[in-house]
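Taken together, the values in this text are just the output of simple stated rules run on the coordinates, not laboratory data. On a predicted model such as this, the values are computed, not experimentally measured, just so you know. Note that each Cβ is placed from the backbone with ideal geometry, even for glycine, and that neighbours are counted across all protein chains shown.
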Amino acid sequence: MAEDAKKVVKKTVNLTGKKAKGNSLVMKAKKSNGVKVKDIKKLNEEMAKKKALLQAQDEIVKNNGDQTEEKKALRQAQGKFEDKKYSLTIGLKDLLKAGSHLGHKVSKTNPKAKENIYGVRDGVQIFDLVKTLECLDDACNFVYNLTRKGKKVILVGTKRQAREVVKRVAEEVGVGYITDRWLGGTISNWEQISKNIKRLVDIRDGLEKGKYAESTKKERSLLNKESIRLEKMIGGLVGLDGLFDAIVVVDAGMEKTAIREARGRKITSIAICDSDTDPNKVDYVIPANDDSVKSVNLIVEEIGRAIKAAGVKK
């Protein structure tokens, strides 16, 4: 029987045109009895198909710009893995009570967000809160260690559900914020934004100290209007002496311009991503409901506590 098996193997090698040494299936065939040529050919064809499929998948990932390894290296370089660790003050029950697990309807789901979905209930996507908590822990630790190094973070939330909490938390912990609308070029054209911030500060000081007392009523009215306009657009950025190092965003889909500009200047983005958003464009994704006021408040306040904890000197 052993001699018959050898003959079969030889025939197979002749048919496939491959050496027995380089073919694991042929090596296995040597050790078996009663192997048929057509069976080995079938197995070889299946292996070839699997190999081709894996190569195709790798090509798709490459073309889609999946930067998993780059993100990992970036996070290590930016100090994610520090000796000091921030401990979350909230848990799964808090996220559940706040409705953080509720996504959008199935029809509105972004295909790339499915990895964060636990299941579907009544046509609504349900987030995996265990993963949400892990992602929030990663984001808070990154912000905590970044702030400890003296780097700058700003909070961005221009949707109605986020404006109040973003402004309140940012003022409490002493970081910049944007709550009206993201001005195109805030990052890519920071030089001009800096000039506008300086202009706002000058007008504020001038009006408070009576610098424009001798100006006409019309001139003072124009200055007041300019001050109100600038305050609305960039008032939350007053105090920044340079470009920030990270942005915390509520609703990555709505603030896509901010995310795109941050990627262009290699500024780290942390964002709450609902089920209708592509999470691959964000460095630190927090998969959760970004439409619920309770959910947004809970997550933004936790990030605020992480920033505040980093500023405490022991």
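Does ARG199 qualify as being loosely packed, with under 15 Cβ neighbours inside 10 Å, out of contact with any Asp or Glu (no Cβ under 6 Å at 6 or more places or on another chain) and within 19 Å of ASP251 (Cβ to Cβ)?
Answer is no for this residue.
Restrict the check to region 202-222 and report whether at least one residue is among the aliphatic types (A, V, I, L, M), within 26 Å of VAL300 (Cβ to Cβ) and surrounded by 12 or more Cβ atoms within 10 Å (Cβ to Cβ).
no
Restricting attention to region 116-147, which residues are under 16 Å from the mean Cα position of the chain (by Cα) and charged (D, E, K, R)?
LYS131, GLU134, ASP137, ASP138
Here are ALA252, ALA258, ALA262: which of them is surrounded by 22 or more Cβ atoms within 10 Å (Cβ to Cβ), assigned to a helix (DSSP H, G or I) and either in contact with a Ser or Thr (Cβ under 6 Å, 6 or more places away or on another chain) or among the β-branched types (Val, Ile, Thr) (or both)?
Exactly one of ALA252, ALA258, ALA262 is surrounded by 22 or more Cβ atoms within 10 Å (Cβ to Cβ), assigned to a helix (DSSP H, G or I) and either in contact with a Ser or Thr (Cβ under 6 Å, 6 or more places away or on another chain) or among the β-branched types (Val, Ile, Thr) (or both), namely ALA262.
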